[in-house]
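The values are calculated or read from the model by the stated rules, or taken from the named source; none is laboratory data. All values derive from a computational prediction rather than experimental measurement. Glycine also receives a Cβ, built like all others from the backbone with ideal geometry; neighbour counts cover every protein chain displayed. Note: areas computed on protein heavy atoms with side chains; ligands, DNA, RNA excluded. Shrake-Rupley method; radii C 1.70, N 1.55, O 1.52, S 1.80 Å.
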Amino acid sequence: MRRVVVTGLGTINPLGNNVETSWDNLINSKSGISKITKFNVDNYPCKIAGSIEDSQINDKIVSIREQRKIDRFITLGLIAANEAIIDSGFTTNDKNSLRSGVMVGSGIGGLDTIYKNSSILDNQGIRKISPFFIPSSLINLLSGHISIKYNLKGPNGSPVTACATGTHAIGDSFTLIKNNKADLMVCGGAEAAICPLGISGFSAARALCDTFNEQPVRGSRPWDKDRSGFVMGEGAGILILEELDHAKKRNAKIYGEVKGYGLSGDAFHITKPSEDGNGGYRAMEMALNESQLNSHEIDYVNAHGTSTQIGDMIELSAVEKLFGSNDSLCMSSNKSAIGHLLGAAGAVEAVFSLKSMQTKTLPPTLNLENPDTNTNINLIPNEAISKSIKNLISNSFGFGGTNASLIFGY
Amino acid sequence: MSDIEERVKKIVVEHLGVEEGKIQSDSKFIDDLGADSLDTVELVMAFEEEFGCEIPDDAAEKIVTLKDAVTYLSANSN
């Protein structure tokens, strides 16, 4: 059986423009949430987000001229991909290029570009629409750009499963390598929806936190009694997945192994998770079955944990039901520090999951002051803990009732 | 250099990211200055914006060098 390992990591997110910086900030309980300043939010119920300063975008990796022709989500994805590919030490040649692919998704894609071009069409007419409008907004163009830049001619696609996108991209890539359709995949997600249409749309759906506008860093608070919705973040996470022998042959550094992948549908509601948590439960169970591990062998859950009223508790109860036999189980939510990166969330959280294993440090759940639960699971409130972990599971759930879980181990 | 040529050159420098010194009046946007076909569509839009005119598609197709742009705009801009 072909085994799949992780040999490269890259990210840009509200805590930093690379893996090391953002990981250090994460485990030192820093928050990347602040007031939105890029556009006027006076009339918006939610005025906070996990934004990335433009100064954090390295124009030596993606030139200013290139940035003008691509939506911000593609820029962020290219920055994270650059770090991951350099980290992996992989270079293509005529032969291995055909067996190396790209699977990077986005939840929404070029939303701000679509918004701006829509205004141009209404106000200035058809002749003012840029020829780059469509290729800069299409979700799969990020996978396209990465393949062109690094000469990756294997499988190429982009899952679009809202907030589960990043996790599906990694899981689907794992499956492709396992089934011998590729030897190496550049995979993950990117998102840049902190724009007028993005914030107003999620606000209208009553999904965003609107009670901490004056204290942004306290807004994202999974499982806390005062949580009132998620805080949006932006960024990208990219992993290099590789068949084990392929990685060994080139002496690649190995962060860990992808041991299992599960996915399911709720068939219940467009935005709410199924009340009994059965969809999330079945995704985790499928991943566990593939990994051939016992439930008590999972040491840590990198939770979806968005800081929404219903979702947090449903996930917690599903985790308790499946993994509750492990009385030293830990679980935390990276979203408490970086916000919810939508289609990039699962990918950035996978990067942090692998850093957790590598450094034997579990990142905290910030703002967990008054837990809305008496669970026995250690939710790692406010400060990181040192703990060696052998296997972990990372969850992502999305609008439309889509669920995905990945098990990493070492 | 005429005023029109100066303005056209400035647009080409900005849009194609090439150094001004490398642009000759007979440099081809695609073959010599690294533009792709979408870049040339955007260049024509920028010329229209700068010179306040509308360049029909059949005329735009014939603008492949700096000189072509200057000649067309000298004859057709306000």
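The table below gives the values:
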quantity	calculated
Gaussian network model of chain B, Cα within-10 Å springs - most flexible of B:Asp39, B:Asp31, B:Asp58	B:Asp58
Per-residue average of Cβ from other chains inside 10 Å of B:45-53	1
Heavy atoms of A:Tyr410 accessible to a 1.4 Å probe, total area in Å² rounded to 10	150
Filtered trypsin sites (Lys or Arg not before Pro), segment A:1-62: DSSP coil and at most 10 other beta carbons within 10 Å	A:Lys60
Ordering of A:252-259, A:180-187 by burial proxy (mean other Cβ atoms within 10 Å per residue, highest first)	A:180-187, A:252-259
Ordering of A:153-163, B:18-28 by packing [mean C-beta count within 10 Å, highest first]	A:153-163, B:18-28
Whole-Hz ³J(HN,Hα) from phi, Karplus 6.51 cos²θ - 1.76 cosθ + 1.60, for segment A:137-146, glycine and proline x	9, 5, 4, 6, 5, 5, 4, x, 4, 5
5 angstrom amide H check on A:Thr402, placed H, neighbours 5+ away	A:Asp266
Under 20 Å, Cα to Cα: Lys pairs in segment A:1-160, sequence gap 8 or more or different chains	13
Under-5 Å amide H pairs with A:Lys390, H placed in peptide plane, nonlocal only	A:Asp299
Compactness index (Cα Rg / 2.2 N^0.38 Å), chain A	0.91
Residues with amide H under 5 Å from that of A:Lys259, placed H, sequence gap 5 or more	A:Ile407, A:Phe408, A:Gly409
Contact order normalised by residue count of chain A, Cα under 8 Å, 6+ apart, percent	24
From phi via Karplus (6.51, -1.76, 1.60), per-residue ³J(HN,Hα) for segment A:80-97 in Hz, x at Gly/Pro	5, 4, 4, 5, 5, 5, 4, 4, 6, x, 7, 10, 8, 10, 4, 7, 6, 4
Top of A:Gly109, A:Gly262, A:Gly89 by mean-square fluctuation, Gaussian network on chain A, Cα under 10 Å	A:Gly89
Calculated [θ] (222 nm, deg cm²/dmol) that DSSP helices of n ≥ 4 give over the protein assembly as shown, each run adding -39,500 (n - 2.57)	-11000 deg cm²/dmol
Burial ranking of peptide ranges A:354-363, A:220-229 (average Cβ count within 10 Å, highest at the top)	A:220-229, A:354-363
Rounded to whole Hz, the Karplus (6.51, -1.76, 1.60) HN-Hα couplings of segment A:348-357, x for glycine and proline	5, 5, 5, 4, 5, 4, 5, 5, 4, 5
Solvent accessible area, Å² - B:Val70, 1.4 Å probe, full protein context	20
Test item: A:65-71 mean partner chain Cβ contacts at 10 Å	2
